[in-house]
Amino acid sequence: MYNDLLWVGQLLLVFSMIMICFRLWGKNGLYYWTVISVIVSNIQVVKNVQLFGMDATLGNVVYATSFLATDLLSEFYGPKASKKAVGLGFFALLAMTVTMQFALLFEPSASDISQESLQRIFGLMPRIAFASILAYVLSNSHDVWAYEMWRKWKPGKKTLWMRNNFSTMVSQLIDTLVFTLLAFWGVYPKEVLISIMVSTYVLKWVVALCDTPFMYLGRHWYEKGRIPELVPVSPQA
C-alpha cells in the first residue's frame with residue numbers, strides 16, 4: 001500500500017512538472033522535460049518494487065511522460081517538433097551512458113564512498129541503454145506517426161482524447177516488449193520477466209489514460225494564449 005501511494009504521488013508530481021515546463025517555456029520546456037525523463041527513468045529502471053501486488057520496475061511513470069511531451073508537441077507544433085524531441089532524448093541517453101562508463105573507469109581514492117554504488121547502478125547501463133535506445137526510438141517514432149495519423153483523420157478538440165490515447169497505448173506496448181526482452185532476458189527468471197512485462201505495460205497504460213486531462217489543460221492554455229509561443233506552428237480547430 002505504501003508503494004502504491006508513492007506511485008500515485010509520483011504520477012501527480014511528474015505530470016505537474018511537465019505542465020510547468022510547458023506553461024513556462026512552451027516548446028523548449030517540452031524539450032527540456034524529454035531529456036529529463038529519459039535520463040531519470042533509465043536510472044530508476046534498475047530498481048524493482050512491488051506495485052499493486054505485481055513485480056515492477058521503477059521509471060515507468062517518468063518515462064511515460066516522454067509520450068505526453070511528444071503528443072503535446074505534435075498537437076501544437078507539428079510532427080517535426082516531436083521528431084526533434086525524440087532525437088534529443090536519444091542523444092541525452094547516449095551521452096549519459098558514454099560519460100558514466102568513463103566515470104567508472106577512474107580508480108577511486110581511498111576516501112571514496114561512491115564507486116561501488118555507481119558501479120552497481122551504471123554497470124548495467126550499456127545493456128539497459130541499448131535496450132532503452134532501441135525501444136525509445138521505435139516506440140516514440142511510432143507515437144509521432146500514429147498521433148499525426150489520428151489527428152488528420154479525426155481533427156479537433158473533441159477527439160483530442162482519441163489521438164492521445166490510441167497513439168500512446170500502442171507505442172507503450174512496443175516500448176515494453178522491446179525494452180523488457182532486451183534489457184532483462186536472462187537476468188530474471190522467466191516468470192519474473194513476464195510479471196515485469198505485464199505490470200510495466202499495465203502501469204504505462206494507466207499513465208496514458210491519466211495524461212489525457214493534462215492534454216486538455218495544455219489545449220486550454222493554448223486557447224487562452226498562455227503559452228510563450230502564442231501561435232503554434234499548426235493550430236488546430
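The values are calculated or read from the model by the stated rules, or taken from the named source; none is laboratory data. All values reported here derive from a predicted model rather than from experimental measurement. All Cβ positions, even for glycine, are placed from backbone atoms using ideal geometry, and neighbour counts span all protein chains on display. Surface areas here come from the heavy atoms of the whole protein model, side chains and all, with no ligands, DNA or RNA. Shrake-Rupley method; radii C 1.70, N 1.55, O 1.52, S 1.80 Å.
One table, with the values for the structure above:
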read-out: Relative frequency of Cα-Cα separations exceeding 11 Å in region 68-117, percent; value: 73 percent
read-out: With all protein chains modelled, accessible area of K157 [1.4 Å, Å²]; value: 80 Å²
read-out: Accessible area expressed per residue, region 22-128, with surrounding protein chains retained (probe 1.4 Å, Å²); value: 48 Å²
read-out: Per-peptide average of other Cβ atoms within 10 Å, ordering 75-82, 215-222 highest first; value: 75-82, 215-222
read-out: Inter-part distance where region 21-94 and region 102-121 are each reduced to a Cα centre, Å; value: 28 Å
read-out: Gyration tensor (Cα) of region 100-237, equivalent ellipsoid semi-axes in angstrom; value: 38, 21, 13
read-out: Packing rank of 64-73, 185-194, 37-46, 12-21, where each peptide gets the mean count of other beta carbons within 10 Å, highest leading; value: 64-73, 37-46, 12-21, 185-194
read-out: Sequence-distant aspartates and glutamates (8 or more away, or on other chains) whose Cα lies within less than 12 Å of K152; value: E75
read-out: Integer Hz, Karplus 6.51/-1.76/1.60 couplings in order for region 218-229, x for Gly and Pro; value: x, 5, 4, 4, 4, 5, 8, x, 9, 9, x, 7
read-out: Over 21 Å between alpha carbons, listed pairs K84/K224; K47/K84; K27/K83; K80/K158; K27/K80; value: K84/K224; K47/K84; K80/K158
read-out: Heavy atoms of R151: accessible area, 1.4 Å probe, square angstrom to 10; value: 30 Å²
read-out: For the chain, convex hull of alpha carbons as volume per residue, Å³; value: 127 Å³
read-out: Cα pair distances in region 15-120, grouped into 10 Å bins until the bin that holds the longest one, percent each; value: 14, 35, 28, 18, 4, 0
read-out: Top of A92, A103, A146 by mean-square fluctuation, Gaussian network on the chain, Cα under 10 Å; value: A103
